[in-house]
1. Consider segment 1-36. How many of its residues are among the basic types (Lys, Arg), surrounded by 11 or more Cβ atoms within 10 Å (Cβ to Cβ) and closer than 20 Å to residue 60 by Cβ?
2. Right, residue 92: touching a strand residue (DSSP E or B) at 6+ places or on another chain (Cβ under 8 Å) and at pLDDT below 75 or not?
3. Considering only segment 226-251, state which residues are within 24 Å of residue 274 (Cα to Cα) and polar (S, T, N, Q).
4. Pull out all pairs, ordered by first then second residue, where Cβ-Cβ is under 6 Å, the residues are six or more apart or on different chains, the first lies in segment 141-154 and is in contact (Cβ under 8 Å) with a residue 40 or more places away in the chain, and the second is of a type in the set (Asp, Glu).
5. Those residues that are touching a Gly at 6+ places or on another chain (Cβ under 8 Å) and surrounded by fewer than 12 Cβ atoms within 10 Å (Cβ to Cβ), I need them from segment 170-190; list them, please.
6. Output the residues belonging to segment 191-201 that are crowded, with 20+ Cβ neighbours inside 10 Å and either at pLDDT below 80 or among the acidic types (Asp, Glu) (or both).
7. Yes or no: segment 228-244 includes at least one residue that is under 19 Å from residue 176 (Cβ atoms), in the same structural domain as residue 140 (by TED's automatic domain parsing) and not aromatic (Phe, Trp, Tyr).
8. So which residues in segment 195-211 are under 15 Å from residue 260 (Cβ atoms) and without any contact (Cβ under 8 Å) to a residue 60 or more places away in the chain?
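The values are calculated or read from the model by the stated rules, or taken from the named source; none is laboratory data. Only a predicted model underlies this, so the values are computations on that prediction, with no experimental measurement involved. Note that we place each Cβ from the backbone using ideal geometry, even for glycine, and neighbour counts take in every protein chain shown.
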Amino acid sequence: MQLFRFANPHLLYLLLILPVMILLFIVNEYRRGKAIRRIGETPLVEKLIPEMSRFRPTVKFILQLLAITSMIIVLARPQFGSKLEEVKKEGVEVIIALDVSNSMLAEDIQPNRLTRAKQALTRLIDNLVDDRIGLIVFAGDAYTQIPITTDYISAKMFLSSIGPDMVPKQGTSIGSAINLGMNSFTPGTDKSRAMIIITDGENHEDDPVAAASEAAEAGIMIHTIGIGSPEGVPVPVVTGGKRDYLRDSEGNTVITKLDEEVLGKVAVAGGGNYVRASSSNIGLDEIYREIGKLKKQDMESTMFTEYNDQFVIFAGIAFFLFFTDFMVMMRKNRKLAQIRLFRFKI
């Protein structure tokens, strides 16, 4: 088995110039035919200009088109993986449940709770090596944003787009996030599993402590990070281009407070730790050090460790096509036309 790839796949976008070239050629041929018809009937013009060829320009264009295609493939550097190697890795599976309710827009943690949490998660992902990571977002409901993966680049890309508008039902349902997380780990693994819940702890929907206890019984460690201030702050919103604060149905300003008591109980029930975040330290590093103490599980992966360039073949094809295009003239050659390999008497 060999794995094929391009070393510079972004250069394949140059193939987009081919349809443009084809369109320009069609337009040019149409204008050329129109100009000939203005002189006279095509058969008559061909007799007046015997060197003129209707087909050679098309042949030359096809040769040029194929040659340019080959050169673009050369630049993209096609490669085949030539050495198959099985690599054994050890790591843990971690699912992060991130609160994206409106209260996470409060600014008691600068620049706001949600943005600061995303910044910390990005730095954490940058330091991961063999661990698998997944991401759940929750407010009134919980949704899987990133399934368990080692594709850290994609994880960071999805993380950057997270906001309160991606969960239609507002509220804070920590229990539903835990339940979803329990079903999101790789099937068949019964160790080295942990969840990190980042929230302000204002649970309004369910019983997160009971959900954490159930997770602990299944061998999943639950850690919590409380983000916000116990004193409470209003939640800023922008309506009609003007900054205001979130208000309830009676017009009163909503004050969001960190509920450390709930988050502490969830962490205890889940066999993990609770950490209170600050603007300078979210607490992810501290919790991840605890997760690092878990027994690692074996993760076998197959990879191609050597790649051989195959562009020489396409370079040869391009050279042959350009050379053939150079040899094919736009007009007929009178001397060559007089050469007859076979003569017949009629």
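1. Looking only at segment 1-36, we keep the residues that are among the basic types (Lys, Arg), and these are 5, 31-32, 34.
Cutting the leftovers down to surrounded by 11 or more Cβ atoms within 10 Å (Cβ to Cβ) gives us 5, 32.
Then keep just the ones that are closer than 20 Å to residue 60 by Cβ; that gives 32.
Final tally of qualifying residues: 1.
2. Values: touching a strand residue (DSSP E or B) at 6+ places or on another chain (Cβ under 8 Å): yes; at pLDDT below 75: no.
Against the criterion (touching a strand residue (DSSP E or B) at 6+ places or on another chain (Cβ under 8 Å) and at pLDDT below 75), residue 92 does not qualify.
3. 229
4. From residues that are in contact (Cβ under 8 Å) with a residue 40 or more places away in the chain, the pairs are 148/93.
5. 190
6. Our first condition is that a residue be crowded, with 20+ Cβ neighbours inside 10 Å; within segment 191-201, this holds for 192-201.
200, the sole residue that qualifies.
7. First, pick out the residues of segment 228-244 that are under 19 Å from residue 176 (Cβ atoms): none.
No.
8. Filtering segment 195-211 for residues under 15 Å from residue 260 (Cβ atoms) gives 197-203, 208-209.
Once the filter is applied, which keeps residues that are under 15 Å from residue 260 (Cβ atoms) and without any contact (Cβ under 8 Å) to a residue 60 or more places away in the chain, segment 195-211 yields 203, 208.
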